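Here is the structure we will look at.
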Amino acid sequence: MDIERLYRDFGVDYASEGHRHARPGWINASCPFCTGNPGYHLGFDLDGNYYYCWRCGWHPIIQTISKLTNISEPEVRKFIKQYGLTVPKSRPSSEATVRIKAHRMPSYTEPMGSNHRQYLIRRGFDPDELGKLWNLVGTGPISKLDGLDFKHRIIIPIVWDQKEVSFTSRDITNKHPLRYITCPKDRELIHHKEIIYGRQEYWKDIGICVEGPTDVWRLGVNSFATFGIKYIPQQVRIIAKTFKRVAVVYDDDPQAVVQAKKLVADLRFRGVDAFHVPIVGDPGGMKQEDANYLIKQIIK
């Protein structure tokens, strides 16, 4: 499955395995489905032979190559076998996989330092409050896990049923093209896309659904995140089982708005009183006083 040769032949910019922007076993390119979000978000799994964007999820292989190469889907079907590629009939299963490595944090993970705290302060967060509530830690100039570089990041534990099952991380330099890098899948006790992020013990009947951890930090313990706008049925089941009323507050880019409205429809089908709350920008970037006002309007 020579995806690199295909990319070279058609002039698609990519990051190959071993590049700092590509995880082991993946070839990354800019996602043509993520409007307004540049970066090597779209990965091609060399073993599973499928596409997955860290932000907007799984995409069909023919449609994706068509968009990347600006060639029609019928024409792609004609030449794709030349590259040894076979097309899966369905998306990869979301069933839990066998974990062959112990779950652990990246190397040299320590309590947040002044650089981590200043990053949070610049974004209008209280580092003491966040550190205590979300158990945040940080990394310095050297930090790795399974070949992935986690330097200069805030490490965000992902807890489910009072147990840490995974983690994600946020670059604090704003220079790395991958703002978030998540725990390698074979070290996750539960794959993060099979659950939602938040503090379960604080959840009540009304919940606020957002994209990522920083959005949750801004909107508080009544909120939860789906780890991107591309959710899976298992997450919908969890949300419907947990909440009676849900406000979906995704970012304002077109793809996010489409996904927000789709999630509302899926939740309503399961009997949840769900509704979309449009905003300008993203929840994590709101001023805290504006976020507090929005919360009051939702949680009445």
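Could you pull out the trypsin sites (Lys or Arg not before Pro) across the range 219-267 that fall in loop regions by DSSP (anything but H, G, I, E, B) with no more than 16 other Cβ atoms inside 10 Å?
244
Restricting the count to DSSP beta bridges whose residues both fall in the chain, what percent are antiparallel, rounded to a multiple of 5?
Details: 32 of 43 bridges.
Antiparallel bridges make up about 75 percent of those DSSP assigns within the chain.
Evaluate the Kirkwood expression for the hydrodynamic radius of the chain, namely the inverse of the mean inverse distance over all pairs of different C-alpha atoms, and round to one decimal in Å.
Numbers: mean 1/r = 0.0494 Å⁻¹.
After inverting the pairwise mean of 1/r, the radius is 20.3 Å.
Quick one: compute the contact order of the chain, relative version, from alpha carbon pairs under 8 angstrom and 6+ residues apart, as a percent. Mind dumping the intermediate values first?
Numbers: 548 pairs, mean separation 36.6, N = 300.
Reported as a whole number, the value is 12 percent.
Rounded to the nearest 500 deg cm²/dmol, what is the calculated helix-only ellipticity per residue at 222 nm for the chain, with -39500 (n - 2.57) per DSSP H run of length n ≥ 4?
Working: 9 runs with 84 residues, N = 300.
The helix-only estimate for the chain comes to -8000 deg cm²/dmol at 222 nm.
How much length would be gained if the chain were fully extended between residue 49 and residue 81, taking 0.36 nm per residue of separation minus their Cα-Cα distance, in nm to one decimal?
Values: separation 32, 0.36 × 32 = 11.52 nm, distance 1.29 nm.
Working it through step by step, the gained length comes to 10.2 nm.
So which chymotrypsin sites (Phe, Trp or Tyr not before Pro) in the range 185-232 are both in a DSSP loop and have at most 16 other Cβ atoms within 10 Å of their Cβ? Walk me through the numbers on the way to the answer.
Working: sites: 197, 202, 203, 217, 224, 227, 231; in loops: 203, 227, 231.
Counting only loop positions with at most 16 other Cβ atoms within 10 Å, the chymotrypsin sites (Phe, Trp or Tyr not before Pro) in the range 185-232 are 203.
Restricting to the range 75-224, compute how many DSSP beta bridges are antiparallel as a %, nearest 5.
Of the beta bridges lying entirely in the range 75-224, close to 90 percent run antiparallel.
With r defined as the distance between the Cβ atoms of residue 163 and residue 10 and R0 fixed at 30 Å, what FRET efficiency is calculated, to the nearest 0.05? Display every interim value, and only then the final one.
Numbers: r = 45 Å, r/R0 = 1.51.
E(calc), rounded to 0.05, equals 0.10.
At a Förster radius of 22 Å, what calculated FRET efficiency corresponds to the Cβ-Cβ distance of residue 135 and residue 108, to the nearest 0.05? Walk me through the numbers on the way to the answer.
Numbers: r = 17 Å, r/R0 = 0.78.
Efficiency computed from Cβ-Cβ geometry: 0.80.
Can you pull out the trypsin sites (Lys or Arg not before Pro) in the range 157-221 that DSSP calls coil and that have at most 13 other Cβ atoms within 10 Å? Let's see the in-between values first.
On the way: sites: 163, 170, 175, 179, 185, 187, 193, 199, 204, 218; in loops: 175, 179, 199, 204.
Listed in order of number, the matching sites are 175, 204.
If you wrap a convex hull around the alpha carbons of the range 139-283, what volume per residue comes out, as a whole number of Å³? Please report the intermediate quantities before stating the final value.
On the way: hull volume 16.2 nm³, N = 145.
Looking at the range 139-283, the number lands at 112 Å³ per residue.
Bear in mind these aren't lab numbers, they're just calculated from the coordinates by the rules spelled out. None of the values given here were measured: they were computed from a predicted structure. Here the Cβ is made from the backbone with ideal geometry for all residues, glycine too, and neighbour counts use every protein chain on show.
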